Structure formats: structure tokens, C-alpha cells
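Let me begin by presenting the structure, written as C-alpha cells, before commenting on it.
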Amino acid sequence: MVAEIFDGKQIANSIEEEIIEETKELIEKRGVIPGLAVILVGSDPGSQVYVNIKRKASSRVTFHFEDYVFPDTAEEKEIIDLIERLNNDDKIHGILVQLPLPKHLDENRVISAISPEKDVDGLHPISAGNLLLKQEGFVANTPAGILEMLRRSNIDVKGKDVVIVNRSKIVGRPLMVLLINNDATVTVCHTKTKDIKTHMKRADILVVAVGTPKFVTADMVKEGVIVIDVGINRVEGKLCGDVDFENVKEKASYITPVPGGVGPLTVVMLMRNVLMAAKRSLKK
Ligand code: NAP
């Protein structure tokens, strides 16, 4: 079997088209331009790249975009003061703090300062709680993007054995809940998992986000598996995921490429959350 390749870019483009249409209508009928504010602390080049990607995506979907850059030495109070100001700014519907933050800052305290109504990254405890209780709310972008990619590829997760290798708050934890909410059977693996290969080998859908190139090789997956590679690594100047793509694709039924797989979906899900936040602000 040779896998079908998920075209994350194309799926993201069609979602972007829908967002552009809805935004046009929101502006024309209600005079509201969805607004996103991104806060970056420090000079990590990777984080700067991600903020740029979000700026460009906001521009494509005609959103208002503001970015705020703090030095590595910024104090928590300065950042929380800005968040509180943005919480009360009617032009801004979504606030995102680019992670990771420098070590001296308490990520949980900073994220918790964002108004849950503007938590477009879906990482506030209220958003996480809503997801856990299967209530309406913002869902973290990467897990939401994975589910949307599967849905738009006509893959139903109901009853499927899904194995996730990651338990972080941005990928594994929210994805686990989202999948359970959609009737999948979920196993979550991490560095303390015993015999991880046995778990991976029985997966109908395998999601990997460890940050190690070629972590998943062909002998670790079953014939016909659906592989979602979330990892982003740079090897000899080129981007790659966590899966030995060339060999695993010979065995899988579907596989995501890196780049061009989950990444574009993550960005467009953020845009969708900002649009949703702008629409919800009208109901207040
Ligand atoms: P993270 O917080 O470092 O989490 C990595 C997870 O992988 C942890 O749960 C860790 O287990 C597990 N892990 C690492 N090595 C392992 C091993 N040898 N065996 C089993 N489990 C292992 O990272 P993250 O922020 O979730 O990101 C993970 C990867 O996804 C990175 O490459 C990142 O760049 C990428 N990413 C991509 C997107 C996208 O849009 N495409 C979005 C987010 C992240 P422990 O919990 O036991 O440490």
C-alpha cells in the first residue's frame, strides 16, 4: 500500500476562503473587523517566525493585527498589564501569547490573565475545562486542526484506536479530549511509557509530536495506519517531521507531510477562533 498524502496546505486554503467570506459579511453587515493581538517575549528566532506566519495569515483573511514585543528581561507584571489593557480593547477579539516564555515568567499565570472570551489559542484553564466538559469554547489550534483535516478527508475517528505520542498542553492533552469527545479510543504515550512500540503498532491512527526526526520507522506501524506527523525539526537546513516519511508512506493509508501537513491547519484554526471571538463579541 502507498499512502495518500494529506494536503494540509490545500485544506487550510479552503478554510481560509470560508473565513474571508464570513469576515467580509461581518464587516459589511456589522462593521466589525476581527482583531488579533500577539505578544512575543524575547528574541527566539523560531518564535519570531511563528509570529510572522500569524501576521501574514491575519493579513490574508483581512483581520486587524497588532504585535507587541518585549525583551527577554521583561517582568511578568508588564505583560499582564498589557493583557489586561487588551482584554478591554474593543478592536481586539483574540489575544495570543507566543510560547514558550522565558524561564523566569510563569506561563500559567500569564495565560490565565487573558480573558477567556479572547483566548483564541484555547490554552486558558476555562477553555481547557470547557473542552473536558464537552462544552462550547475555544479549542487549542493544533488538535482542532488535526480533527478538521481528518473530517475534511472523510475520515471518521469514531471507534478508531488512536495512539498519541505526546502529552503536552498544546498537543497531546487537548487532542486526547477532542478525540474522546468524537468517540475515538485513545492511548497517550510519553517518555515514561513502557514498550511504546507495541502501542504504536496497534494504532489505526498514530499522532506523533516528539520533536525527533525519524522517531517513527516503518517497522513500528501496522499496514494501513493513518499517520499524523506533528513534529517540526530542522535537519541540514531542511524542515522534517518525526516520521521516516519515505518508508512509512509505503505502509500507511494516509500520511501528513512536513512541511505542508498539520502546520497550515494550526494557523488557520487560530484565524477561525479569532473570527468566532469577533462574532461572539456581538452577542454580549
Ligand atoms: P513538548 O512540550 O516538548 O512535548 C513533547 C512530548 O513528546 C512530551 O509529552 C514528551 O514526553 C514526548 N516525548 C519526547 N520524546 C519522547 C520519546 N523518546 N518517547 C516518548 N515520548 C517522547 O513539545 P510540544 O510543544 O508538544 O511539541 C512537540 C513537537 O510538535 C515539536 O517538534 C513542535 O515543534 C511540534 N509542534 C508542531 C505544531 C504544528 O503546528 N505542526 C504545533 C505544535 C508543536 P514527556 O511528557 O514524558 O516529556
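General observations
- The residue of the stretch 115-130 that is farthest from the ligand (Cβ to nearest atom), among those that are in contact with a Leu (Cβ under 9 Å, 6 or more places away or on another chain) and either open to solvent by 20 Å² or more (accessible area, probe 1.4 Å) or without any contact (Cβ under 8 Å) to a residue 24 or more places away in the chain (or both), is SER115.
- One residue stands out in the stretch 3-29 among those that are within 26 Å of ILE226 (Cβ to Cβ) and open to solvent by 100 Å² or more (accessible area, probe 1.4 Å): the one that is nearest to the chain's Cα centre (by Cα), namely LYS9.
- Helices (runs of 4 or more DSSP H) contained entirely in the stretch 113-211, each with at least 1 residues that are touching a Phe, Trp or Tyr at 6+ places or on another chain (Cβ under 6 Å) and of a type outside the set (A, V, I, L, M): 125-132
- Summed over the stretch 133-149, residues that are under 17 Å from the mean Cα position of the chain (by Cα) and away from the ligand (no atom under 15 Å from the Cβ) total 2.
- A count restricted to the stretch 237-284 and to residues that are within 10 Å of the ligand (Cβ to nearest atom), of a type in the set (Ser, Thr, Tyr) and under 20 Å from HIS124 (Cα atoms) stands at 1.
- Selection within the stretch 184-215 - in contact (Cβ under 8 Å) with a residue 40 or more places away in the chain and within 13 Å of the ligand (Cβ to nearest atom): LEU206, VAL207, VAL208, ALA209, VAL210, PHE215
- Applying the condition of being among the charged types (D, E, K, R) and not in a loop (DSSP other than H, G, I, E, B) to the stretch 212-243 and asking which residue is least open to solvent (accessible area, probe 1.4 Å) yields ASP229.
- Looking across the stretch 169-181, the residues that are touching a residue at least 24 places away in the same chain (Cβ under 8 Å) and crowded, with 16+ Cβ neighbours inside 10 Å come down to ILE170, VAL171, GLY172, ARG173, PRO174, LEU175, VAL177, LEU178, LEU179.
- Residue that is nearest to GLU28 (Cα to Cα), among those in the stretch 57-101 that are open to solvent by less than 80 Å² (accessible area, probe 1.4 Å) and within 16 Å of the ligand (Cβ to nearest atom): ALA57
- Failed item, numbered, when SER112 is tested on (1) surrounded by 15 or more Cβ atoms within 10 Å (Cβ to Cβ); (2) under 22 Å from GLY263 (Cβ atoms): (2)
- Verdict on ALA252 being open to solvent by less than 10 Å² (accessible area, probe 1.4 Å) and part of a loop (DSSP other than H, G, I, E, B): yes
- Helices (runs of 4 or more DSSP H) wholly inside the stretch 1-107 containing at least 2 residues that are of a type in the set (Asp, Glu) and not assigned by TED's automatic domain parsing to the domain that holds TYR254: 8-30, 76-87
The values are calculated or read from the model by the stated rules, or taken from the named source; none is laboratory data. Bear in mind that the values here come from a model prediction, so they are computed numbers and not experimental data. FYI the Cβ positions are ideal-geometry reconstructions off the backbone, even for glycines, and counts take in every protein chain you see. For accessibility, only protein heavy atoms count, side chains too; no ligands or nucleic acids. Shrake-Rupley method; radii C 1.70, N 1.55, O 1.52, S 1.80 Å.
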